[in-house]
Amino acid sequence: MLASRLIPRTAVRSSFATRTSLPTVVSPASRWRRAYASQAEEKDLVIIGGGVAGYVAAIKAGQEGLKVACIEKRGALGGTCLNVGCIPSKSLLNNSHLYHQILHDTKNRGIQVGDVKLDLAGMMKAKDTSVTGLTKGIEFLFKKNGVEYIKGTGSFVNEHEIKVALNEGGETSVKGKNIIIATGSEATPFPGLEIDEKRVITSTGALSLQKVPEKMIVIGGGIIGLEMGSVWSRLGAKVTVVEFLDQIGGPGMDSEISKQALKLLKKQGVDFKLSTKVVSGDQSGETVKLEVDSAKGGKPETLDADVVLVAIGRRPYTSGLGLENAGLEVDERGRVVIDSEYRTKASHIRCIGDVTFGPMLAHKAEEEAVAAIEYIKKGYGHVNYGVIPSVMYTHPEVAWCQLACQDQPGHGRHGQDAGGSRDGQTPGVPHHRAQCG
Ligand SMILES: Cc1cc2nc3c(=O)[nH]c(=O)nc-3n(C[C@H](O)[C@H](O)[C@H](O)COP(=O)(O)OP(=O)(O)OC[C@H]3O[C@@H](n4cnc5c(N)ncnc54)[C@H](O)[C@@H]3O)c2cc1C
Ligand SMILES: NC(=O)c1ccc[n+]([C@@H]2O[C@H](COP(=O)([O-])OP(=O)(O)OC[C@H]3O[C@@H](n4cnc5c(N)ncnc54)[C@H](O)[C@@H]3O)[C@@H](O)[C@H]2O)c1
């Protein structure tokens with residue numbers, strides 16, 4: 001369901017088309033010329049970031065007849081979600097669940113199985129195949145809808161011009177009548193622990209470990225901690241989740257449901273230390289050591305593990321973007337400040353997805369992308385922030401619908417008119433919030 005929601009059906013079909021046809025050979029020099037050729041031309045829309053927010057906006061803009069370019073530095077389209085988020089995590093969740101079920105849940109059902117062995121490299125390959133099929137599919141859709149894909153890192157020169165350090169070397173620049181910032185988010189680091197993606201990992205490392213750790217500690221019992229903790233526990237690691245709050249699933253999850261989920265995950269073999277905070281870490285020895293303390297104060301304890309997963313939240317990503325050159329603001333949490341039509345202080349520059357307000361979810365980013373293009377093209381757009389679904393893909397899955405009114409576009413609006421009233425709402429009142437009332 002997740003994949004079909006995020007990727008237009010044609011993308012899945014088209015991934016076959018791209019895989020069966022020979023790639024066009026374009027020399028670096030001609031690509032450079034092509035990129036440079038776009039320099040003189042001003043686009044109707046330039047998008048920085050080719051994740052869910054950016055690629056959906058780019059394709060929709062192409063379909064609406066806008067001349068559009070999308071700048072992406074990763075070397076692949078699809079952003080966090082397709083490359084190192086939703087898609088690979090769901091592949092591992094699904095396949096580790098099958099493995100675990102065959103190992104532990106067949107005998108009582110009257111099913112006899114022979115020797116069951118984990119082929120971790122094979123499981124990782126299946127995950128990579130899913131990812132490549134989908135990211136190539138997006139590239140195909142860019143071509144089909146006339147979107148120019150610029151592979152490089154974008155940064156503002158001024159309000160209308162973006163300089164791009166090309167992945168292949170060299171530089172170009174593009175101008176946009178409209179610009180959308182869709183640069184996403186990154187894992188929040190834990191102070192004092194250096195992420196090496198081998199022993200101290202974020203979700204990215206947790207998606208490509210080459211062997212099953214004996215012991216894994218997960219800092220943070222939110223969605224990433226529980227999904228990735230489940231994967232490695234099912235594959236044989238002894239997983240301990242250390243969570244600051246007295247419940248799992250983050251503060252958004254209903255506490256009754258959270259209690260039931262806790263019971264079931266414990267039954268599956270995951271250990272929990274709730275109301276416990278990690279105070280410090282030491283990765284200089286053979287194992288990684290963490291000093292933990294009761295959240296309310298108490299006797300400190302030292303835990304150790306082969307691998308520590310840092311899953312304490314994600315933060316907006318605007319590093320090197322040169323927001324200051326366009327006079328744009330971020331709030332105290334690093335989120336780009338926008339009004340209810342996704343406009344920044346410079347009204348032709350909009351911002352959507354994880355890098356701004358609201359829950360960091362792919363379907364939220366996707367809906368904002370469509371609405372932002374509708375604002376640009378037609379002057380009105382709509383996202384219902386009153387009902388944003390969340391799903392934690394553990395077994396069983398846990399789903400809930402959250403009211404994101406306090407944390408939505410317009411909440412941190414700047415001085416200019418943030419009314420979003422072109423569709424008849426009261427001037428000055430962000431209309432998304434009005435729906436939440
Ligand atoms: C492990 C994991 C699992 C997840 N699972 C789910 C799930 O099941 N369901 C769900 O709804 N959400 C899930 N999410 C959240 C989801 O991935 C994000 O909400 C979504 O990716 C946000 O999309 P975005 O386009 O705003 O940002 P991103 O996907 O982060 O894309 C931003 C892109 O911008 C690029 N970029 C940044 N700066 C520049 C620059 N200066 N120049 C050029 N390019 C730049 C980055 O390389 C990146 O590719 C998951 C996240 C993680 C980490
Ligand atoms: N299935 C999905 O939709 C899905 C899957 C993965 C990620 N995501 C997105 O990614 C975001 C980030 O996920 P996440 O799990 O990193 O963040 P999160 O906000 O869901 O959970 C982080 C948890 O870490 C705890 N914590 C923070 N500091 C701590 C400390 N020092 N010691 C112990 N615990 C600590 C917090 O109390 C919280 O419960 C999610 O909010 C979600 O938007 C979604």
Worksheet entry | Flag for G65 being open to solvent by 50 Å² or more (accessible area, probe 1.4 Å) and in contact with an Asp or Glu (Cβ under 9 Å, 6 or more places away or on another chain) | yes
Worksheet item: In the range 359-387, what count of residues is obtained for those that are open to solvent by 10 Å² or more (accessible area, probe 1.4 Å) and within 27 Å of A261 (Cα to Cα)?
Response: 7
Worksheet, complete the sentence: Selection over the range 272-306 where residues are closer than 21 Å to G205 by Cα and within 14 Å of ligand 2 (Cβ to nearest atom) yields a count of 5
Worksheet entry | Positions within the range 72-90 being of a type in the set (D, E, K, R), within 13 Å of ligand 2 (Cβ to nearest atom) and out of contact with any helix residue (DSSP H, G or I) (no Cβ under 7 Å at 6 or more places or on another chain), in sequence order | none
Discussion item. Please count how many residues of the range 214-234 are more than 7 Å from ligand 2 (Cβ to nearest atom), in contact with a Phe, Trp or Tyr (Cβ under 9 Å, 6 or more places away or on another chain) and open to solvent by 10 Å² or more (accessible area, probe 1.4 Å).
Written reply: 1
Item to complete: Within the range 163-172, identify whether any single residue is open to solvent by less than 30 Å² (accessible area, probe 1.4 Å), closer than 27 Å to E324 by Cα, over 27 Å from the mean Cα position of the chain (by Cα) and polar (S, T, N, Q), and answer yes or no.
Response: yes
Item to complete: Give the residue that is nearest to K175 (Cα to Cα), with candidates limited to residues of the range 344-358 that are buried (at least 23 other Cβ atoms within 10 Å of the Cβ) and more than 16 Å from ligand 2 (Cβ to nearest atom).
Response: I349
Discussion item. Under 8 Å between Cβ atoms, which residue pairs at least 6 apart in sequence (or on different chains) link something in the range 186-202 that is on the phi > 0 side of the Ramachandran plot and crowded, with 19+ Cβ neighbours inside 10 Å with a partner that is among the hydrophobic types (A, V, I, L, M, F, W, C) and not in a loop (DSSP other than H, G, I, E, B)?
Written reply: none
Item to complete: Can you confirm whether the range 133-142 contains a residue that is away from ligand 2 (no atom under 16 Å from the Cβ), of a type in the set (V, I, T) and surrounded by fewer than 23 Cβ atoms within 10 Å (Cβ to Cβ)?
Response: no
Item to complete: Can you tell me which residue within the range 235-268, out of those that are acidic (D, E) and surrounded by fewer than 22 Cβ atoms within 10 Å (Cβ to Cβ), is farthest from ligand 2 (Cβ to nearest atom)?
Response: E256
Discussion item. Exactly one of these conditions fails for D271: (1) out of contact with any strand residue (DSSP E or B) (no Cβ under 6 Å at 6 or more places or on another chain); (2) open to solvent by 30 Å² or more (accessible area, probe 1.4 Å); (3) modelled with pLDDT of 95 or more. Give me its number.
Written reply: (1)
Worksheet item: Does the range 40-69 hold any residues that are more than 16 Å from G137 (Cα to Cα), near ligand 1 (Cβ under 9 Å from one of its atoms) and either charged (D, E, K, R) or part of a loop (DSSP other than H, G, I, E, B) (or both), and which are they?
Response: G49
Discussion item. Anything in the range 70-123 that is open to solvent by 40 Å² or more (accessible area, probe 1.4 Å), away from ligand 1 (no atom under 15 Å from the Cβ) and either in contact with a strand residue (DSSP E or B) (Cβ under 8 Å, 6 or more places away or on another chain) or within 27 Å of G51 (Cα to Cα) (or both)? List them, or say none.
Written reply: N95, A121
Worksheet, complete the sentence: By residue number, the members of the range 353-362 that are closer than 21 Å to E159 by Cβ and either modelled with pLDDT under 95 or near ligand 1 (Cβ under 7 Å from one of its atoms) (or both) are G353, V355
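The values are calculated or read from the model by the stated rules, or taken from the named source; none is laboratory data. Computed from a prediction, not measured in an experiment: that's the story for all the values here. Cβ sites come from the backbone with ideal geometry, for glycine too, and all protein chains shown count toward neighbours. To get the accessible areas, we keep the full protein, side chains included, count just its heavy atoms, and leave off ligands, DNA and RNA. Shrake-Rupley method; radii C 1.70, N 1.55, O 1.52, S 1.80 Å.
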